[in-house]
Amino acid sequence: MKDNLKEIIIKKMLVAAASTSIFIVLLIFLFLGKEALPFITEPGLSELFDSRWIPVSFQKEIFGIIPLITGSVLVTAIAAVFLIPFGVIGAIYISEIATFFEKELLKPFIEILAGIPSVVIGFFGLMILNSMVKDIFDLNTGLTALTGGILLALMAIPTVISISEDAITSVPWSYKEASLALGASKLQTIWRVTVPAALPGIIAAIMLGMGRVIGETMVVLMVTGNAAKISWNPFDSVRTMTATIAAEMGEVAFGSIHYHALFCVGIVLMLVTFGLNMIAQKVLKKYQMR
Amino acid sequence: MVKFTNPKITIEKLDFYYGSVQALFDISMHVPEKKVTALIGPSGCGKSTFLRMINRMNDIIDGTHHKGKVCIDDQDIYGDGVDIVALRKRVGMVFQKSNPFPKSIFENVAYGPRIHGIKDKAKLDDIIERSLNNAAIWDEVKDRMDKNAMSLSGGQQQRLCIARALAVEPEILLMDEPASALDPKSTARIEDLINELKKNYTIVIVTHNMQQAARVSDYTAFFYEGNLVEFDHTNTIFTKPNIKQTEDYITGRFG
Amino acid sequence: MNKNISENIIYWLIRIAAYLIVFVVGYIVFDIVIKGLPKLNMDFIMGFPRRSGSEGGILPAIVGTIYLVSGAILVALPLGMFSAIYLTEYARQGRFTRMIRLAIVTLAGVPSIVFGLFGMGLFVIFFGFGASIIAGSFTLSFMILPTIIVSSEEALQAVPQSLREGSLALGATQWQTIYKNVLPYALPGMFTGSILGIGRAAGETAPILLTVAAFYLPRLPSSIFDQVMALPYHLYVLATQHPEADKVLPMQYGTALVLLLIVLIFNLTAIFLRSYFRKKYKW
Ligand SMILES: Nc1ncnc2c1ncn2[C@@H]1O[C@H](COP(=O)(O)OP(=O)(O)OP(=O)(O)O)[C@@H](O)[C@H]1O
Ligand SMILES: [Mg+2]
């Protein structure tokens, strides 16, 4: 019976440990909500939809998050343009085309890339890509949405490659064999059979990658120029939601409207990544059911 | 169906489900004490499932449930307040695929007694030697007790697992195709061993091998698709079974 | 034959795309190593910064990062390991388990700056720790918790079920079984996961930005309630906030190299160990 009590206590402890994840997630939502809520009464929720973000002003501070959202959207869209082809092609190459030796060579590079801290990528962008973009496109500054998008794509590539690769390698060999036996070339087989079969996994991979892109802070803070304005031009400076929080939270007065506004931005960010994540998980789960 | 006045194990109207899939149907059966009872039947008919009911091994599978009763010495082992740990100590099990722990030979056999609180080195040594002896493997391993058990041959590994089960001094020994992965020579040794062990233990053994069932068992139960079709003296089952299905199976017409 | 040529062209395009990634990674690492290497000496690593980081070394930032990461691991490792043990060994299908899994997935997707916001709200302000090592460590620990849980689970699942059944069948209790016959074989894998977590924690900037990192603090911390410098934040500051950012280029590259080395060493060790244990424990 002494044993029994011990077993029960241990199990309770393990349950408690496992519950902390739930607890933390709830706390995150709770705290973001609690700190964002005062914005609704003062100055009012509609202020958030203003098209200007002017947090410091002698006349009137304005906290419209639209330019921050468009900034995030633009940078993310640019990242997607690079991320999707390179991520998917990289995964196809590694899983279907590369020889054993090439695989052993390629994979460590992808793993190294996954490990490089975002601030180092941002630093590289500042030092190298910045002037490259500036020179190639003949701009005044290389600190643009394009620069940020490229670097973000680079950062998210390992996520996309590793999850897509899993999806592609788990396509049953019999599918490919059947196609090859019908006289299709290897490339046709990849294109018509393997990729479509793995598509849900690839889509989930892309969504998870996009989640990383939207949530990434340091890179965009360092290389997108941080101009809070609505623009759809890749060669403009933009400011994302993440960069805004990072840049301004340090200087803001606790409890001010600005402070609450930044938490509102945090909530939007949290909801967007949460949504993406949930959809990706749904897709993955459906896919694994088969 | 034979009945015994003083059965070691009594199964009454047992149904068992994996989730919503029923694997055992209304099984009632007596297992006699200090005899060998063989379970035979085609693959997937529920022999392992039935065996695992007797030491409550199915409890660890998520989503299973049962109806009916399993009693050992008149105690309902699924009743309220039953100590599963104590039950499993009384009912030893040898698995189809030998599963020695990746520890030394000594540690493998000492695992059970240690868990049940035996710390004294001399006593432990004694139990281990006796168990290994009873499992007819002592001579082969006595000089290399600290070697990893994984380095033994398949037949030795299985006998080590038997020794490991004997070391906790059970009353009942459940064996799930203990010789299925072994060569004929190792199989013969295990069968001899079973003949020895039945003097002291109640043994229930699952086997796919008709000759083996005929050789080692006193009673035989034939399972088919989750039902107990026939249970009788091994002699009867193999010479003049009452039910046509049994005969067909024994004579190799299906299964 | 036309078809063959166009196939060949596509092959090469794919190959070029794949190797372009390799090239860029190689370029980044090479650039930082070449330009940072001249700075990699004792004065730099063991020295204190002077003139707001324009001169001197980065010892406080290295020490700060070590403190932060150790703190994060101290919290996240037991939590993560116990969560994983619960999930693999005890959890039954059901709502509670689904909720835990949902929470872990959610946690893995939370943007790092949101962790920063949360850590600031909870530890810095609500608990009143102020910007401090303890606030930063806790924040980082929450961030790496999913990494540790997932890799610990993997390690536990790799232990064959037959070992559990064998032990239970001998009358061992569930915890005895886990403790004596599962954990010993899963621990190496679990620690490998935590090394990955260390690598991640060491490189993150956004969560510590709001919870602990000091702009310029040329001394070592004396308690867990002190602010500290940290390598990634120091690099950010030197590269973007420093009044003479162009003049301190060597300092920037030196810092970037040290950070990169620390993170990559941890990551590569984890990767190596993982494949080593996978081979060693082929059941
Ligand atoms: N863990 C499980 N979950 C769901 N169904 C199971 C599980 N284990 C066994 N079954 C099913 O229960 C039925 C009986 O299985 P069991 O393993 O008892 O058969 P068996 O007679 O031992 O077969 P074999 O001779 O092949 O070992 C089978 O249909 C099997 O598919
Ligand atoms: Mg079986």
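The values are calculated or read from the model by the stated rules, or taken from the named source; none is laboratory data. Quick caveat: nothing in here was measured; it's all calculated off a predicted structure. Backbone-built Cβ (ideal geometry, glycine too); neighbour counts: all protein chains shown. With ligands, DNA and RNA removed, areas are computed over all heavy atoms of the protein, side chains included. Shrake-Rupley method; radii C 1.70, N 1.55, O 1.52, S 1.80 Å.
When the P(r) of the range B:39-94 is calculated, the portion above 17 Å amounts to 40% of the C-alpha pairs.
Would you mind estimating how fast the range A:240-290 diffuses translationally, via Stokes-Einstein at 25 °C and 0.890 mPa s with the Kirkwood radius over Cα pairs, in µm²/s? Before the final figure, lay out the partial values.
Values: Rh = 12.8 Å.
It comes out at roughly 192 µm²/s.
A Gaussian network model of chain B, with springs between Cα atoms under 10 Å, assigns the largest mean-square fluctuation among B:S186, B:S48, B:S217 to B:S186. Residue order by solvent-accessible surface for A:H258, B:H208 is B:H208, A:H258, largest first, with ligands and nucleic acids left out and a 1.4 Å probe. Kirkwood's formula applied to the C-alpha pairs of the protein assembly as shown gives a hydrodynamic radius of 30.7 angstrom. Here the relative contact order of the range B:9-250, from alpha carbon pairs under 8 Å that lie six or more residues apart, stands at 28 percent.
If R₀ is 60 angstrom, what is the calculated FRET efficiency for the pair C:D43 and B:Q22, using the beta carbon separation as r and rounding to 0.05?
Values: r = 76 Å, r/R0 = 1.27.
Given R0 = 60 Å and the Cβ-Cβ separation, E is 0.20.
With R₀ fixed at 51 Å, the C-beta to C-beta distance from B:N133 to C:T269 puts the FRET efficiency at about 0.60. Rolling a 1.4 Å probe across the protein heavy atoms gives chain A an accessible surface of 45 Å² per residue.
Taking θ as phi - 60° and the Karplus parameters 6.51, -1.76 and 1.60, the scalar couplings of the range A:20-35 work out to 4, 4, 4, 4, 5, 4, 4, 4, 4, 4, 4, 5, 4, x, 4, 7 Hz in sequence order, x denoting glycine and proline.
Taking amide H positions as modeled 1.01 Å from N, with prolines and chain starts lacking one, the residues under 5 Å from A:A227 and 5 or more places away or on another chain are A:V238, A:R239. For chain C, lysine pairs separated by 8 or more sequence positions, or belonging to different chains, with Cα-Cα distances below 23 Å total 5. Counting 0.36 nm for each residue step from A:E7 to A:F100 and taking away their Cα separation leaves a gain of 28.7 nm. Of all lysines in the structure, those lying under 24 Å Cα to Cα from A:K60, and not within fewer than 8 positions of it along the same chain, are A:K229.
Spread over its residues, the convex hull of the C-alpha atoms of the range C:163-208 is 79 Å³ per residue.
Each residue of the range B:75-166 gets 109 Å³ once the volume of the Cα convex hull is shared out per residue. Applying the criteria of a DSSP loop state and at most 16 other Cβ atoms within 10 Å to the trypsin sites (Lys or Arg not before Pro) of the range B:4-87 yields B:K34. Placing pseudo-labels 7 Å out from each Cα toward the beta carbon at A:S231 and A:S19 gives an inter-label distance of 5.1 nm. Can you spot the lysines whose alpha carbon is less than 19 Å from B:K185's alpha carbon? Ignore those fewer than 8 places along the same chain. Within the straight-line limit of under 19 Å, B:K185 reaches these lysines: B:K97.
Against the main long axis of the alpha-carbon atoms of chain B, helix B:184-197 sits at an angle near 90°. Applying a DSSP loop filter and a limit of 14 other Cβ atoms within 10 Å to the chymotrypsin sites (Phe, Trp or Tyr not before Pro) in the range C:75-135 leaves C:F127.
Put simply, the C-alpha atoms of the range C:40-280 give a gyration tensor, and the ellipsoid matching it has half-axes of 39, 20, 14 Å, longest first. Per-residue SASA remark: A:V265, around 0 Å² accessible (1.4 Å probe; ligands, DNA and RNA not included). For chain B, a Gaussian network of Cα nodes joined below 10 Å ranks B:K198, B:K123, B:K89 by mean-square fluctuation, and the top entry is B:K123.
Taking Rh as the Kirkwood radius computed over C-alpha pairs, what is the Stokes-Einstein D of the range B:9-250 at 25 °C in a medium of viscosity 0.890 mPa s, expressed in µm² per second?
Numbers: Rh = 18.5 Å.
Roughly 133 µm²/s, to the nearest whole number.
Please list the helices of chain C that count as membrane-span-like by this rule: a mean Kyte-Doolittle hydropathy of at least 0.5 together with Cα atoms stretching 27 Å or more along the helix axis, each helix being a complete DSSP H run.
Numbers: long enough: C:2-36 (50 Å, 1.20); C:59-85 (38 Å, 1.98); C:133-157 (34 Å, 1.28); C:183-203 (30 Å, 0.86); C:249-280 (45 Å, 1.11).
Flagged H segments are C:2-36, C:59-85, C:133-157, C:183-203, C:249-280.
Projected over every direction and averaged, the convex hull enclosing the alpha-carbon atoms of the range B:145-247 yields 7.7 nm². In whole angstrom, the range A:194-245 maps to an equivalent ellipsoid with semi-axes of 30, 13, 8, each derived as √(5λ) from the alpha carbon gyration tensor and ordered largest first. Computed from backbone phi, the HN-Hα couplings of the range A:141-155 come to 9, x, 7, 10, 4, 4, 4, x, x, 4, 5, 5, 4, 4, 5 Hz, rounded to whole numbers (Karplus: 6.51 cos²θ - 1.76 cosθ + 1.60, θ = phi - 60°; Gly and Pro given as x). Can you classify the range A:19-147 as rounded, prolate or oblate using the Cα gyration tensor, where a ≥ b ≥ c are the square roots of its eigenvalues, rounded means a/c under 1.5, and otherwise it's prolate if a/b beats b/c and oblate if not? Oblate, because a/c is 1.5 or more while a/b does not exceed b/c. With the convex hull drawn around the C-alpha atoms of the range A:84-195, the volume per residue stands at 119 Å³.
Cross-link check: pairs B:K3/B:K69; B:K35/B:K199; A:K12/B:K67 evaluated at a Cα-Cα cut-off of 18 Å; pairs beyond the cut-off: A:K12/B:K67. Short-range pairs are left out: with C-alpha atoms under 8 Å and at least six residues apart, the relative contact order of chain A is 26 percent. In the assembled protein chains, A:V220 presents an accessible area of approximately 0 Å² (probe radius 1.4 Å). Taking each residue as 0.36 nm, the span from B:N195 to B:S153 lengthens on full extension beyond its C-alpha to C-alpha distance by 12.9 nm.
Taking all C-alpha pairs of the range A:2-45, those more than 15 Å from each other amount to 63 percent. Got a sec? Which residues in the range C:36-75 would a label at C:E244 touch, if it sits 7 Å along Cα→Cβ and we count backbone N under 14 Å? Label zone hits: C:50-56. Taking label points 7 Å from Cα along the Cα-to-Cβ direction, A:L27 and A:R192 give a separation of 5.6 nm. Farthest toward the positive end of the dipole of the range C:40-280, out of C:M143, C:A155, C:F129, is the Cα of C:A155, where the dipole comes from beta carbon charges about the Cα centre.
Along each principal axis, taking the top coordinate minus the bottom one, the Cα set of chain A gives 78, 74, 31 Å in descending order. List the aspartates and glutamates whose Cα sits under 20 Å from the Cα of B:K198, skipping any in the same chain fewer than 8 residues away. Excluding near neighbours in sequence, the set is B:E33, B:D73, B:E129, B:E169, B:E171, B:D176, B:E177, B:D218, B:D232.
The string of couplings for the range B:58-74 from the Karplus curve (6.51, -1.76, 1.60, θ = phi - 60°) is 5, 4, 7, 8, 4, x, 9, 8, 9, 10, x, 10, 10, 10, 10, 6, 6 Hz, one whole number per residue in order, with x for Gly and Pro.
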